[in-house]
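Comments concern the structure below.
The values are calculated or read from the model by the stated rules, or taken from the named source; none is laboratory data. Just so it is clear, the model here is predicted, and its values are computed rather than measured. Here the Cβ positions follow ideal geometry from the backbone for every residue, glycine too, while neighbour counts run over all protein chains shown. These area figures cover heavy atoms from the full protein model, side chains too; ligands, DNA and RNA do not enter into them. Shrake-Rupley method; radii C 1.70, N 1.55, O 1.52, S 1.80 Å.
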Amino acid sequence: MSLAEKYPEEIKRILAKYPPEHKRSALMPLLYLAQREKGYVDNHAMNEIAEMLEITPTEVAAMIGFYTLYHGEPAGKLRIQVCVDLPCALRGADKFLADLCANLGIEPGGTTADGLVTVEPVMCLAACDKAPVFQTQGPDGIAYHENMTVEKTMQLVEALRESGKEVK
Amino acid sequence: MRVVEPVVELARGLATTLRMIFGEKPVTVQYPEEKRPVRPRFRGRHVLKRYDNGLEKCIGCALCAAACPADAIFVEASENTDEARYSPGDRYASTYEINMLRCIFCGFCEDACPTEAIVLGDNYELSFTSRREAIYPKEMLIEPVPPGGQPTPQKTPPGVFTRSVPEMKDSQD
Amino acid sequence: MTELVTLSIDGKQVTVPKGTLVVDAAKQAGIDIPVFCYHPKMEPAGMCRMCLVELGRPMIDRATGQPVLENGQPKIQWAPKLETACTNVVSDGMVVLTRSEKARAGQQEILEFLLTSHPLDCPVCDKGGECPLQNLTLDYGPGKSRFLYNEKHHAEKHVPLGELIWLDRERCIQCGRCVRFQRLVAGEPVLAFDERGRDTEIITNSEPAFDSIFSGNTTDICPVGALTTADFRFGARPWELKSAASLCAQCPVGCNITFNTRREAKSGGRVVIKRVMPRQNEEVNEIWICDKGRFAYHFTESEARLRQPLIRRNGQLQPASWEEALDLAAAKLKAAGKDALILAGGRLSNEDLFNLKKLADGLGAQSVLYTHVGGGDLVTQIGLASGTNLADLGKGDTILVAACDLYEEAPIWWLRVKQAADRGATLIVVNARATRLDKHAGYVVRYAPGDETVTLQGLLKQDKIGAAIREAGNLLVFYAADGLDLNGSTSVAAACANLLIETGHFGRPNNGLIGVWPHANDQGAWEIGFRPEADLAAALKGKTVYIAAADPAGDDPRLAKALQDAGTVIVQELFQTATASLAEVVLPAAAYTEREGTFTSGERRVQRYYPAVPRWAETKADYVITAEIGQRLGLDLEAGAPALVFNRLTAEITAFAGLSYRKLAEVRPQWPIVGRADLYYGGTTYENKQGLGVHLAAAASAGESPHLPEVRKGSGPRPQEDALLAVPVTKLYDLGVTVRSSVLLEARIGLPAITIHPLTAEKMGLKAGEKAMIGLGGHENEVLVKLDETIPAGVALVPRSMGLPVSAPAPLSVGKAK
């Protein structure tokens, strides 16, 4: 099913926000839309969006590559993006990332064997006083998890594993 | 008196001659049975070196050809693959010829080479009977495979021999 | 009058037009400011920071608006930091210091940064020897680096961007020239930056990868060896190559190129062409060439080329000597007399065609041009005149492109027309189907197949379009034979000519009719007097045919039959084509790279080309073969140097009067400055020191008033109710004799394919990419199916020169593949 078939109303609403001669401005909201279901933008969606906005698939791919919140490759259902910049590191974010990955049995950037969780190091999330902090990106959108410990995170993952849905 | 002086001088001269003939060791080197060893940094016939594993050091960059003041070197490069690898990296010299009649044995090629592949060795015994014979192709210039190495082309695992120019341990060397 | 600005650069007073960038102003004054990301043909980006200079501007008192004076001179306020020369526009009284201590330090530091991650690849990099990074490091670099090299960034080194271009991500300095070229100049943004910061890399995501026919130009402007061509990979070092000025022989644009040659062991000691590079001619191709011109030169060196004359003995073609072959050919032609027919292709030079015409005239025989695009006699009357430069077109001008897919047929004209449209010219595209020019067009007019002439005739009556045509400052009309046969295109040409004549747009520069011919020198053939024959099969019947540089038997089975029914067939060719296989005498011709000569481009510009490689085997130049046959018939034809043939040509053909090889070799200074010392600025395009060519005078500008041509009434072939109408279209990469020898282009040539409307496909149960059997012209062929919803239903687009017998719109049957 194409994006146009799945979300016709929403696409119309998004395109209406921008003048017709600048259709390409709708690229970013459309990428969020395309990413909603699978957690990444697949080739079909990329080509469809390119055609819709009259730009090339390369330009769409460049946008996906630039931002950390857009993904061109499939990964875990839940992406745990841990900030490892200096202030967070001073509060133990480095160790947090290493321990979390060890607990999940993956390398930083990797995905668990059951395809559920991906842990990625990212740059500053602007919540330095609440470090270790990570951002989750999943089917229900983006959320911040502040003052986390490895135990609390593993509980989150377990809950996700059981219910199949994100637990706030 | 006047008869003795010239005889004395003659005798002295002769004595030196006889001393040289029968006394001193001759300095003549009986080439070709005896050969005088060459000095270090002697510039003789070119040799294309190999690494210990048998891969050729020459990467076909043609810097030697560019440096040569006599335009004696001709290089043609080709692509290496892991199936048929001649040198580390992507590039090797598929044709390498030195015209010994043009070469002035200056050693600029040795200085220019980024991988220390072409060196001027010790061999000075070069002879040829025609101009064509004076053009030494790669087969004549490449040194034999060192012990423990494989002859080229080799089949190598992918991702191992990716660097053409080896890392310089000591930049002053 | 352009406003001028005076500024001081390194103490030198420089006066330039307002709006000039500081870096260009310096270049014009002979002062070099090093750049990487800036290119004179593109908008500046200010990304690489290599052009950092000290800039000072005169201080202006805010209250009075007058310059503040210090010791009688305006006080200069220096910018607190170095500024980029490429993004700053000149202003009066500006002071620029490019070699001050601060500026020098800035240049050194930028190079130091760039070299921290640049790999030590010079010995294995194809760019070595013509590398801006190498040159600028030597001229402006620090000599020593303060950085540790252990932490060099490692990235993929041998990434294919399609089959033609290789990317080395480690060498890339992220200047963005390639990305900006594709977006701004080529209009096909198929390269982009991925990731950010230190991980920034170039990607392409099109299908096929790097889907642009101008991709080779990025390797010219890349300042390092990141983008290189697969064709030239490890070919030779630039200083080992010899250069020969020449012209691209693939399309009527006539791009100026340079062949780089070398004597090689790989080719058995022969001198071979290693690569094609553009040669600067701002009036024709600027500094660009398309990929077909860059990669499709291999036909000149194919092992399949004819090596010696052949004569048919006992039903077999057998090697013969030149004496025997020429004697036999001459005897046959003499016996035929008026019943001879000379069929020439547009690939031949002006000299070759002139000798063929004189031979035909001497025999009283017909001289026929083998082409599917008609109307050349109109172009000779109201074609372009001297002083034409497509770069001068802009706002207020109109360009009409009728029945032509400019992108596939003449890429550099597509590029220049697109650029004219970007500058504000009104572009009107009239075609039965969508083409790549539509995106840039102001008006797109569609017609049903068969209505092309009627639609063109009706353009003046339309409101906005009519006004755009009538009131255009300059009007240029391009036409070809997209979906048409010879008659159709002749009719289109007549309609276009009428538009120009009625609105008075002829006889002056940048106005006129341009035929987008299938070959490089069709225009020359028309000027010299060759004319196409609408019913070639009938014309060939029973005649003694002398065919040069044409393959009618290979294109059309009906013509093959006609040739079999003809009297004697004498073929002068490069390869053993289908036509040559039907011949009684086969004369091997030299390729144009092995001799000199001239081509007349579609813009009616005569340009010279020079020999690049020695003659192949026992071949002779086309005009020499013709002259030697002619001499045996008692005709006085010139067999000496091409310059002598050209002199006779200029004496006899009015349009060429006053031209000479010397005049064609004249050059003028061009902007931007390219050349080996300036390759960091304009790219590795070669400087043009061998000739810019000269425009022919249009008959109209000589004071003659052109007569309004009669336009055929009625319509062309239309699609029938239950049958598909196959219409011929041109593809850039086809199986033509000059293209198929290039192995690299095989994937782009692809398999023969027809394009139909999705509804048609559905009706026939066919899907895109599937194989199908088609019945066309009495022959069955297997093709791939492509879908396009912009073409009219009931029509199937069939590409020419792909082995499918389509020379005119004809009924087509499609069925599933066996």
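So that you can scan it fast, the table gives a plain yes or no per residue for (1) part of a loop (DSSP other than H, G, I, E, B); (2) within 18 Å of C:VAL224 (Cα to Cα); (3) modelled with pLDDT under 95:
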residue: C:ALA25; (1), (2), (3): no, no, no
residue: C:HIS39; (1), (2), (3): yes, yes, no
residue: C:GLY46; (1), (2), (3): yes, yes, yes
residue: C:VAL53; (1), (2), (3): no, no, no
residue: C:THR64; (1), (2), (3): yes, no, yes
residue: C:PRO80; (1), (2), (3): yes, no, yes
residue: C:VAL96; (1), (2), (3): no, no, no
residue: C:GLN108; (1), (2), (3): no, yes, no
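Test each condition in (1) modelled with pLDDT under 90; (2) touching a His at 6+ places or on another chain (Cβ under 8 Å) for C:PRO518 and report the one that comes out false.
So C:PRO518 meets the others, but not (1).
Could you check the range C:201-232 and list, in sequence order, the residues that are over 25 Å from the mean Cα position of the chain (by Cα), without any contact (Cβ under 8 Å) to a residue 40 or more places away in the chain and open to solvent by 30 Å² or more (accessible area, probe 1.4 Å)?
C:ASN205 - this is the single residue of the range C:201-232 that is over 25 Å from the mean Cα position of the chain (by Cα), without any contact (Cβ under 8 Å) to a residue 40 or more places away in the chain and open to solvent by 30 Å² or more (accessible area, probe 1.4 Å).
Just name the residue that is nearest to the other protein chains (Cβ to nearest Cβ) out of those in the range B:100-126 that are in a loop (DSSP other than H, G, I, E, B) and small (Gly, Ala, Ser).
The qualifying residue nearest to the other protein chains (Cβ to nearest Cβ) is B:ALA117.
In the range C:212-250, which residue that is of a type outside the set (D, E, K, R) and within 9 Å of another protein chain (Cβ to nearest Cβ) is nearest to C:GLU170 (Cα to Cα)?
C:PHE234
Which ones in the range C:316-327 are open to solvent by 50 Å² or more (accessible area, probe 1.4 Å) and not polar (S, T, N, Q)?
C:PRO319, C:GLU323, C:GLU324, C:ASP327
Considering the range C:477-501 alone, what residues qualify as being touching a strand residue (DSSP E or B) at 6+ places or on another chain (Cβ under 9 Å) and over 27 Å from C:PRO792 (Cα atoms)?
Within the range C:477-501, C:LEU500 is the sole residue that qualifies.
For the range B:134-173, which positions are in contact (Cβ under 8 Å) with a residue 24 or more places away in the chain, of a type in the set (Val, Ile, Thr) and either open to solvent by 50 Å² or more (accessible area, probe 1.4 Å) or closer than 29 Å to B:ARG39 by Cβ (or both)?
B:ILE135, B:ILE142, B:VAL145, B:THR162, listed by residue number.
Would you be able to say whether some residue in the range A:49-58 is more than 14 Å from every other protein chain (Cβ to nearest Cβ), open to solvent by less than 10 Å² (accessible area, probe 1.4 Å) and free of Cβ contacts under 8 Å to residues at least 60 places away in the same chain?
No.
Please find, within the range C:124-145, the residue that is least open to solvent (accessible area, probe 1.4 Å) out of those that are more than 19 Å from C:THR219 (Cβ to Cβ) and without any contact (Cβ under 8 Å) to a residue 60 or more places away in the chain.
Top of the filtered list is C:GLY141.
Can you pull out every residue in the range A:8-29 that is within 14 Å of chain C (Cβ to nearest Cβ) and either under 21 Å from C:ILE203 (Cα atoms) or open to solvent by less than 20 Å² (accessible area, probe 1.4 Å) (or both)?
A:ARG24, A:LEU27
Is there any pair linking a residue in the range C:381-404 that is modelled with pLDDT of 90 or more to one that is hydroxyl-bearing (Ser, Thr, Tyr), with Cβ under 6 Å and at least six apart or on different chains, and which?
That search, which allows pairs on different chains as well, returns C:THR398/C:THR426; C:ALA402/C:TYR479; C:ALA403/C:TYR479; C:CYS404/C:TYR479.
Since B:GLU97 meets every condition but one in (1) of a type outside the set (S, T, N, Q); (2) in a strand (DSSP E or B); (3) buried (at least 23 other Cβ atoms within 10 Å of the Cβ), which condition does it not meet?
(3)
Anything in the range B:40-76 that is under 15 Å from B:GLU116 (Cα atoms), at the interface with chain C (Cβ under 10 Å from one of its Cβ atoms) and open to solvent by 50 Å² or more (accessible area, probe 1.4 Å)? List them, or say none.
Once the filter is applied, which keeps residues that are under 15 Å from B:GLU116 (Cα atoms), at the interface with chain C (Cβ under 10 Å from one of its Cβ atoms) and open to solvent by 50 Å² or more (accessible area, probe 1.4 Å), the range B:40-76 yields only B:LEU63.
Does the range C:1-23 hold any residues that are part of a strand (DSSP E or B) and surrounded by fewer than 17 Cβ atoms within 10 Å (Cβ to Cβ), and which are they?
C:LEU4, C:THR6, C:SER8, C:LYS12, C:GLN13, C:THR15, C:PRO17
Select, from C:GLY507, C:GLY524, the only residue that is open to solvent by 20 Å² or more (accessible area, probe 1.4 Å) and either at pLDDT below 90 or in contact with a Phe, Trp or Tyr (Cβ under 8 Å, 6 or more places away or on another chain) (or both).
Exactly one residue qualifies, and that residue is C:GLY507.
Please state which one of C:GLU170, C:GLU207, C:GLU195 is within 30 Å of B:VAL75 (Cα to Cα) and at pLDDT below 95.
Result: C:GLU170 is the single residue among C:GLU170, C:GLU207, C:GLU195 that is within 30 Å of B:VAL75 (Cα to Cα) and at pLDDT below 95.
Only one residue in B:GLU76, B:GLU83, B:GLU116, B:GLU34 is closer than 18 Å to B:GLU143 by Cβ and acidic (Asp, Glu), so which one is that?
The unique qualifying residue is B:GLU116.
Mind counting the residues in the range C:184-211 that are more than 10 Å from every other protein chain (Cβ to nearest Cβ) and out of contact with any His (no Cβ under 8 Å at 6 or more places or on another chain)?
Qualifying residue count for the region: 4.
Step by step: first the residues of the range B:79-94, then only those that are surrounded by fewer than 18 Cβ atoms within 10 Å (Cβ to Cβ) and facing chain C (nearest Cβ under 10 Å), then the one that is nearest to the chain's Cα centre (by Cα). Which residue is that?
Of everything passing the filter in the range B:79-94, B:SER94 is nearest to the chain's Cα centre (by Cα).
Which of the residues spanning the range A:99-129 are without any contact (Cβ under 8 Å) to a residue 24 or more places away in the chain and buried (at least 16 other Cβ atoms within 10 Å of the Cβ)?
A:CYS101, A:ILE106, A:GLY110
Suppose we keep only residues that are part of a helix (DSSP H, G or I) and surrounded by fewer than 16 Cβ atoms within 10 Å (Cβ to Cβ) within the range A:30-48. Which one would you say is nearest to the other protein chains (Cβ to nearest Cβ)?
Result: A:ASN43.
Can you list the strands (runs of 3 or more DSSP E) lying wholly within the range A:79-152 that have 2 or more residues being under 23 Å from A:TYR67 (Cα atoms) and more than 18 Å from the chain's Cα centre (by Cα)?
Result: empty, no element qualifies.
If a residue has to be in contact with a Leu (Cβ under 6 Å, 6 or more places away or on another chain) and buried (at least 22 other Cβ atoms within 10 Å of the Cβ) to count, how many in the range C:792-803 make the cut?
Matching residues across the range C:792-803 total 4.
Taking only pairs six or more apart or across chains, which ones have beta-carbon atoms under 6 Å, a first residue in the range C:410-423 that is assigned by TED's automatic domain parsing to the domain that holds C:ASP392 and of a type in the set (A, V, I, L, M, F, W, C), and a second residue that is part of a helix (DSSP H, G or I) and surrounded by fewer than 23 Cβ atoms within 10 Å (Cβ to Cβ)?
Cβ pairs passing all conditions: C:TRP414/C:TYR407; C:ALA421/C:HIS440.
Among the residues of the range C:637-664, write down those that are surrounded by fewer than 17 Cβ atoms within 10 Å (Cβ to Cβ) and under 25 Å from the mean Cα position of the chain (by Cα).
Once the filter is applied, which keeps residues that are surrounded by fewer than 17 Cβ atoms within 10 Å (Cβ to Cβ) and under 25 Å from the mean Cα position of the chain (by Cα), the range C:637-664 yields C:SER660, C:ARG662, C:LYS663.
For the range B:115-133, what are the residues that are among the hydrophobic types (A, V, I, L, M, F, W, C) and either over 21 Å from B:PHE42 (Cα atoms) or open to solvent by 90 Å² or more (accessible area, probe 1.4 Å) (or both)?
B:PHE128
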